[in-house]
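A.B. asks: Mind having a look at this structure? Questions to follow.
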Amino acid sequence: MRSRWIPALVLLVAACSADIDISAVPELPVTSTAELQEMLATTTTPVVVNVWASWCVPCRSEAPLLERAAVTTVGEVRFIGLNVRDDQTGARRFIAEFFPMAPIEHLADPGGTIPIDLGGNRGVPLTFFYDRNGELVELHSGVIDERTLALQIDEILRR
Amino acid sequence: MEFTLLGAAFVAVIALYAVLYWEARRGNAAGCTHDLWEVAIAAAAAGLFIGRLAAMIADGVNPMTNPADIIIVRGGVATGPAAAAAIAVAAWLGRRELWPVLDGLAAGALAGLGGWHLGCIVRDSCLGTPTDLPWAMTLQGSTVGRHPVELYAAFAFLVGAAVLAQWRQRGKPPPGVAAGLALTAAAAIRLLTEPMRPALAGPIWWYTLGVVLGIVAATQCWRREVSRIDAQSA
């Protein structure tokens, strides 16, 4: 008898997840390699560029870490989220769910060519770490863990 | 695909197996009919699962709506809940002979943790906060010297495992004392090395709790044995 309640309880908990409201999230501006490189060339603060997509499961896993890092280092490090090969609705839904309060500037690259132009690859997630001179310090492929993220942020702040 | 984590896990398993094998050969597992290797692997798997689940919940990711995230171990594992789950599973599996099982796993668990931290070499993630000490190491292309903090932890865990295994063989401590001391050592090593790890945030009260619980467990087991001997001699 008790076993009948377990699936019902699971369904009830799953049903309790609220529908995500994306009205507060603006459309992501589409950018290009030249625009991003121009921004990196003129930056005076270290920059972290995280490449993500709403269909990327590992991106969900690292999103809370990036949000925490962006909040912790606000004013010291500039965080850019580069959404690739995605649609606006999916991207906005992802931001509303996983980056709700983060001081991260999100840009869209529907073709997904910018990471390759910057020296990366087609895989997501990718995280680029640039020092205050716009020099690439580290390119991390795949999911990033808290230690690596904190270490690389510390490194770009000290260079 | 990220395989470096598997490499670190492999080093941990080898270290765990080596110590359990050494202890079995030396007769340290006498009085324990359980297969400690099976208990250890089951406890480690349960710890990993619960630790990952706890990390997801702490990060605000709903495991019910995002079940696939559970397998992304690199996304983070909450150490405290993972350790609690591993100990609970080991205790449950060995409940018929609780202390012999936990004591039998003690040195092996320390060695496994040492192997996991030593696996930072495979993961290229040994470095911590900046230092001017002569043995400081640098990231590639950097001039900032850093503590090789994971190597400190690995060394401490492996020394702890060796000392505990030798003591169990020569000193024959009362039941439960080795397990309590292993918990104390593991939590203390993490507590002492934590300030040298770069972190975004993160409470370290789990480690303080581990030290306290380990000391309490070891002391209580020791006192119980002393009382038993006194009662026998009276």
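A.B. asks: Need one value for A:129-137: mean number of C-beta atoms belonging to other chains within 10 Å of its residues' C-beta atoms.
C.D. replies: Taking all residues of A:129-137 together, the mean is 1.
A.B. asks: Given 10 Å bins starting at zero, what is the percent of C-alpha pairs of chain B in each, up to the one with the largest pair distance?
C.D. replies: 8, 29, 35, 20, 7, 2, 0, 0
A.B. asks: If you don't mind, there's one more thing I want to ask. Taking the full set of protein chains and a 1.4 angstrom probe, give the accessible area of A:Trp55 in square angstrom, rounded to the nearest 10.
C.D. replies: A:Trp55 exposes around 120 Å² with every protein chain in place.
A.B. asks: Rounding to the nearest 10 and keeping the result within 0 to 90°, find how far the Cα-based axis of helix B:177-193 lies from the longest principal axis of chain B.
C.D. replies: Once rounded, the angle reads 20 degrees.
A.B. asks: So for the range A:83-159, Kirkwood radius off the Cα pairs, Stokes-Einstein at 10 °C and 1.306 mPa s: how many µm² s⁻¹?
C.D. replies: It diffuses with D of about 114 µm²/s by this estimate.
A.B. asks: Another question about this same structure. Of B:Val149, A:Val30, which has the most accessible area with a 1.4 Å probe, and how do the rest follow in descending order?
C.D. replies: Result of the area sort, largest leading: A:Val30, B:Val149.
A.B. asks: Given a 1.4 Å probe and heavy atoms of the protein chains only, how would you sort A:Met101, B:Met56, B:Met137, A:Met39, largest accessible area at the top?
C.D. replies: Correct descending sequence by accessible area is A:Met101, B:Met137, A:Met39, B:Met56.
A.B. asks: Would you be so kind as to list the residues of the range A:51-96 that have their accessible area lowered by at least 40 Å² in the full protein complex compared with their chain by itself (1.4 Å probe)?
C.D. replies: Buried on complex formation: A:Val57, A:Arg60, A:Ser61, A:Pro64, A:Arg68.
A.B. asks: Report relative contact order for chain A in percent, whole number only (criteria: Cα-Cα under 8 Å, sequence separation at least 6).
C.D. replies: Relative contact order comes out at 29 percent.
A.B. asks: Let me ask something else about it. Could you list the square roots of 5 times each eigenvalue of the Cα gyration tensor of the range A:2-158, that is, the equivalent ellipsoid semi-axes, sorted largest first and rounded to whole Å?
C.D. replies: They are 31, 18, 14 Å, listed largest first.
A.B. asks: How far is it, in nm, from the label point at A:Val71 to the one at B:Thr143 when both lie 7 Å from their Cα along the line to the Cβ?
C.D. replies: 3.6 nm
A.B. asks: Roughly how many Å² is the accessible area per residue of chain A, as a whole number, for a 1.4 Å probe?
C.D. replies: Ligands and nucleic acids excluded, the figure is 48 Å² per residue.
A.B. asks: Same structure, new question: In chain B, what cysteines have no partner Cβ closer than 4.7 Å?
C.D. replies: Here B:Cys32, B:Cys221 come out as lacking a disulfide-compatible partner, given the Cβ-Cβ threshold of under 4.7 Å.
A.B. asks: If you don't mind, there's one more thing I want to ask. What is the calculated FRET efficiency for B:Asp124 to B:Ala234, with r their C-beta to C-beta distance and R₀ = 51 Å, to the nearest 0.05?
C.D. replies: 0.25
A.B. asks: Enter the mean number of other protein chain beta carbons within 10 Å of the beta carbon of each residue in B:75-83, as an integer.
C.D. replies: Mean partner shielding for this stretch: 2.
A.B. asks: Just how much of B:Tyr207 is accessible, in Å², when a 1.4 Å probe is used and the result is rounded to the nearest 10?
C.D. replies: Solvent-accessible area, nearest 10 Å²: 20 Å².
A.B. asks: Follow-up. Could you tell me how many degrees, from 0 to 90 and to the nearest 10, lie between the Cα long axis of helix B:36-58 and the main elongation axis, the longest principal axis, of the Cα atoms of chain B?
C.D. replies: That works out to roughly 40 degrees.
A.B. asks: Mind checking the angle between helix B:149-170 and chain B's longest principal axis? C-alpha axes, 0 to 90 degrees, to the nearest 10.
C.D. replies: 10 degrees
A.B. asks: Right, another one. Across peptide A:140-149, what mean number of C-beta atoms from other chains lies inside 10 Å of a residue's C-beta?
C.D. replies: That works out to 6 on average.
A.B. asks: Excluding ligands, DNA and RNA, what is the solvent-accessible area per residue of chain B at a probe of 1.4 Å, expressed in Å²?
C.D. replies: 52 Å²
A.B. asks: Simple spin-label model, 7 Å along Cα-to-Cβ: A:Thr42 to A:Ala96 in nm?
C.D. replies: Roughly 3.3 nm, to one decimal.
A.B. asks: Right, something else. For the protein assembly as shown, what percent of Cα pairs sit more than 30 Å apart?
C.D. replies: Counting every Cα pair in the protein assembly as shown, those more than 30 Å apart make up 48 percent.
A.B. asks: Sticking with this one: Could you tell me what percent of the accessible area of the protein assembly as shown is made up of carbon and sulfur, with a 1.4 Å probe and every protein chain present?
C.D. replies: Carbon with sulfur: 64 percent of the solvent-accessible area.
A.B. asks: Along the charge dipole of the range A:2-158, which of A:Ile153, A:Pro29, A:Ala63 sits closest to the positive end, that is, farthest toward it, with unit charges on the beta carbon of Lys, Arg, Asp and Glu (+1, +1, -1, -1)?
C.D. replies: A:Ala63
A.B. asks: While we're here: Once B and A are treated as a pair rather than alone, how much accessible area drops out, both sides summed, in Å² to 100, probe 1.4 Å?
C.D. replies: Counting both chains, the buried surface is close to 2400 Å².
The values are calculated or read from the model by the stated rules, or taken from the named source; none is laboratory data. Bear in mind the structure is a predicted one, so any value in this text is a computation, not a measurement. Methodologically, a virtual Cβ is constructed for each residue, glycine included, from the backbone with ideal geometry; neighbour enumeration extends over all protein chains shown. Only protein heavy atoms, including side chains, enter the accessible area calculation; ligands, DNA and RNA are left aside. Shrake-Rupley method; radii C 1.70, N 1.55, O 1.52, S 1.80 Å.
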